[in-house]
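Below you'll find the structure, written out as structure tokens, and then a few comments.
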């Protein structure tokens, strides 16, 4: 077996990774500087906490779509992900969650692991829908309880300014659900109060939230001033590189997501996003009125984009693997060390994927 530049929590090691039964058992080698050799890079597999679709399929289509979506994203180095729902009527969300609950208990051969669900809506501000369909409503604990019985909901996006949502943030965060601020017209003060109540992150930072103004800092200001975690879409279309740099300097554990749609991994054309039809063209996905509607980003391209704007490779990797794992409290993912899942990606010196492994299984993504 050939050697790699392996990124471990302690730094770069030139050597070999050993795994058994889906877990890393050893990393053999010596500390190194990858600049001193021309070996490939072996990084932790990417963890994407915001995935609506891929390969022409949308999560809201139900069970017939899940395998296609997870098989598509693993081709681009995503070894685990959160299936992300759209704002929709209660019965539609319930149906999809029931099917996701069953799917999370398995991992079809050649697919990424679904770690659980990101419920993006319906508990958002109808005045800040972005590309979400107009089915937003105030959260009710009984409704959320019913959803929690159907699937492992890890993350809920919520607008904190809506009456009653502060109590829900407090109650659900105490139960381990990550409550994220997003699709919101809230003020800086309401954002800070939500963090104090237990909110832990911000959904696609800068997008679909009240912006920063020097006299009205808004939700963006609350994030930049107080957040430890926030997700951001680094497709260089949703957020300007300069604004990404601001967030990197302000939010210690900023992590990156794709917010990918059915159009990810597909040619230009029309695709479904929940109940919307969206168009992929010119590298983006938009509604008919021009509103950005998710992305076509894949995690390997996210890595290259972060390096392009100046991040060292080890830090770019952290923001695609370790930090999202830490955010969910997953100590066995997002890093390559004994006891961790053998989720990894090998990249050539131009940062293009050559190999992907999920829980010790080599993925034949080149023939997918």
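Along its first, second and third principal axes, ordered by size, the range 45-334 spans 48, 46, 43 Å in Cα coordinates. With respect to the chain, whose longest principal axis is taken over its alpha-carbon atoms, helix 299-308 is tilted by about 80°. By the beta-carbon count within 10 Å of each Cβ, the least crowded to most crowded order of 48, 4, 166, fewest first, is 166, 4, 48. Contact order for the range 208-357, expressed relative to its length and based on alpha carbon pairs under 8 Å spaced 6+ residues apart, stands at 15 percent.
Based on C-alpha pairs under 8 angstrom that are at least 6 apart in sequence, the chain has a relative contact order of 21 percent. If you build a Gaussian network model of the chain, linking Cα atoms that sit under 10 Å apart, which residue out of 163, 139, 151 swings the most? In the Gaussian network model the winner is 163.
Any chance you could check the Cα centroid distance between the range 152-188 and the range 224-273 for me, in angstrom? Here the answer is 20 Å between Cα centres. Here the range 241-278 is scanned for amide nitrogen atoms under 20 Å from the site 7 Å beyond the Cα of residue 143 along Cα-to-Cβ, giving 274-276. Neighbour counts of C-beta atoms inside 10 Å place 346, 175 in the sequence 175, 346, starting with the fewest. A crude spin-label estimate for the pair residue 37 and residue 349, with each label 7 Å from Cα along the Cβ direction, gives 1.3 nm. What angle do you read, to the nearest 10 degrees and between 0 and 90, between the alpha-carbon axis of helix 63-74 and the longest principal axis of the chain? Around 50 degrees separate the two axes.
Counting only DSSP beta bridges with both residues in the chain, tell me the antiparallel percent, nearest 5. DSSP beta bridges in the chain are roughly 55 percent antiparallel. When the chain is treated as a GNM with alpha-carbon contacts under 10 Å, the residue of 240, 204, 214 showing the greatest mean-square fluctuation is 214. Please find, in a Gaussian network model of the chain (springs between Cα atoms separated by less than 10 Å), the residue of 25, 246, 51 whose mean-square fluctuation is greatest. Most flexible of the set in this elastic network: 246.
In units of the compact-protein estimate 2.2 N^0.38 Å, the range 115-244 shows a Cα radius of gyration of 1.00.
If a spin label sat at a point 7 angstrom from the Cα of residue 275 along the line to its beta carbon, the backbone N atoms of the range 104-133 nearer than 19 Å would be those of 119-133. Going from the residue with the fewest nearby Cβ atoms within 10 Å to the one with the most, 32, 281 rank 281, 32. Placing a pseudo-label 7 Å from each Cα along the Cα-to-Cβ vector at residue 213 and residue 243 gives an inter-label distance of 1.6 nm.
Every number here is computed from the coordinates shown, using simple stated rules; none is lab data. Everything quoted here is computed from the prediction, not taken from an experiment. Neighbour counts are summed over all protein chains in view; Cβ atoms, including those assigned to glycine, are modelled from backbone coordinates with ideal geometry.
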